[in-house]
Amino acid sequence: MASDKPLDLAALGDDFARDPYPVYERLRTQGPVHRVWMPEGAEVWLVVGHAESRAALTDPRLSKQWKHAAESFPIKSPSGSHMMNSDPPQHTRLRKLVAREFTPRRIEALRPRVQEITDELLDKMLAEPGGRADLVDSFSFPLPMSVICELLGVPFLDQAEVRRWADAAVSAQDPAERRAAAADAARFIAALVDEKRRRPGADLLSALTVDEEGDRLTTDELMGTVFLLIVAGHETTTNLIGNGVCALLRHPDQLAELRADFSLLEGAVEEMLRYDGAVESATFRFATEPLDMGGHRIAPGEAVMVDLNAANRDGTRFDDPDRFDIRRPTAGHVAFGHGIHHCLGAPLARMEARIAIRSLLERCPRLELDTDPHLVPWRHGILVRGPHRLPVRFA
């Protein structure tokens with residue numbers, strides 16, 4: 001793996017999807033920044049060092065706006081304007097409009113409903129004959145999807161359709177499949193927005209149609225924001241729960257410690273985020289001027305991706321980083337990003353995960369994997385990380 005030859009991520013296959021960390025470690029031994037080939041054929045700079053990741057995530061010379069991408073960049077700009085692909089002052093304005101719905105008080109007010117949905121899902125899962133289930137399909141997906149859909153006012157019957165295009169939009173390997181999913185999402189969201197404008201309700205989407213101070217989102221901004229909230233609102237928590245439970249079941253000593261003392265739960269969730277985060281990499285940033293990073297010269301228009309999970313396994317920041325330890329000090333991890341683009345929904349994801357994992361462990365005292373740990377199928381792609389399926393036994 002020579003540092004002067006770009007690494008082809010698409011060629012790494014199932015082994016990389018299952019466990020990317022040995023690859024990241026080999027890269028880090030050669031330096032914190034490397035050129036890699038994306039599955040779509042784009043050559044980008046991948047940041048795998050912790051210090052360099054935090055620096056890149058706050059560097060104003062790295063723009064989230066696709067207009068700064070080089071003309072030769074082969075990946076098309078995503079449709080819709082939202083916080084993730086904007087810089088200040090547009091980013092500041094868009095984030096402000098959404099942030100008022102994600103205050104600590106409003107999130108705490110959701111706790112009883114999150115617990116109620118959790119209990120309903122566990123009741124249904126535990127009623128399955130044979131004492132077996134796919135934890136992703138039965139629990140870790142429907143919980144956050146139900147929560148974000150209720151927040152936005154998405155009808156329950158549409159959740160299966162939302163899952164189909166949301167999953168394809170972030171993890172499909174075929175670019176044509178991702179484009180088709182984006183088109184399906186646009187049609188769905190346009191119809192939903194139209195319905196909310198005609199019949200507003202007591203939900204987040206209705207509130208976003210007009211700001212209290214009269215700052216109305218454009219149709220493009222509204223559709224982009226709804227797409228972001230739906231995808232990020234369930235992807236992060238789905239994978240956090242799935243990855244976290246998988247880590248616990250693979251480390252029975254840590255599972256036993258947590259069962260014995262649930263006061264460790266808050267720290268355990270932070271270690272789950274650090275050890276095997278739900279978001280693999282931050283989305284593209286583009287250099288607006290020449291800059292030096294990790295011993296390399298980044299030219300204007302070149303794309304930079306910060307690998308959050310690689311940064312969180314950097315041994316210069318975390319001792320024995322490949323060890324899963326729920327008592328570990330995790331301050332400084334970048335699982336939710338860093339800087340102005342730090343995940344707005346992080347408090348909600350943390351709250352959902354704590355409720356979900358404690359309830360699952362309390363209701364399932366004999367929970368264990370129902371497959372060889374090395375046979376758990378993981379999703380491909382470099383944006384999100386999580387199991388496709390997580391077979392468990394609980395009888």
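Values in this text are rule-based calculations from the coordinates and carry no lab data. Bear in mind the structure is a predicted one, so any value in this text is a computation, not a measurement. Because the Cβ atoms are built from the backbone with ideal geometry, glycine has one as well, and the counts that use them run over all protein chains shown.
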Mind checking which lysines have their Cα closer than 19 Å to the Cα of residue 96? Skip sequence neighbours fewer than 8 apart in that chain. 64
Looking at region 1-80, which GluC sites (Glu not before Pro) are in a loop (DSSP not H, G, I, E or B) and have at most 11 other Cβ atoms within 10 Å? 71
Those trypsin sites (Lys or Arg not before Pro) from region 226-334 that are DSSP loop and have at most 14 other Cβ neighbours within 10 Å turn out to be 323, 327
At 0.36 nm per residue, and after removing the present C-alpha to C-alpha distance, how many nm does the segment from residue 260 to residue 18 gain when stretched out fully? 84.1 nm
Write down the Kirkwood hydrodynamic radius of region 272-355, to one decimal in angstroms, obtained as one divided by the mean of 1/r over all alpha carbon pairs. 14.5
Give me 119, 292, 276 sorted ascending by neighbouring Cβ count inside 10 Å, so fewest comes first. 292, 119, 276
Got the relative contact order for region 9-88 handy, in percent, Cα pairs under 8 Å and 6 or more residues apart? 23
Once the piece of chain linking residue 199 and residue 29 is laid out straight, how much longer is it, given 0.36 nm per residue of separation minus the C-alpha distance between them? 55.5 nm
Which FRET efficiency value, to the nearest 0.05, is calculated for residue 393 and residue 296 with the Förster distance at 41 angstrom and r the Cβ-Cβ distance? 0.30
Show me the GluC sites (Glu not before Pro) within region 212-251 that DSSP assigns to loop and that have at most 12 other Cβ atoms within 10 Å of their Cβ. 212, 213
Most fluctuating residue of 176, 69, 42 in a GNM of the chain with Cα springs under 10 Å: which is it? 176
Under Stokes-Einstein, with the Kirkwood radius over Cα pairs standing in for Rh, what whole-number D in µm²/s applies to the chain at 37 °C and 0.692 mPa s? 151
For residue 67, list the aspartates and glutamates whose Cα falls under 15 Å from its own Cα; do not include residues on the same chain fewer than 8 positions away. 87, 289, 302
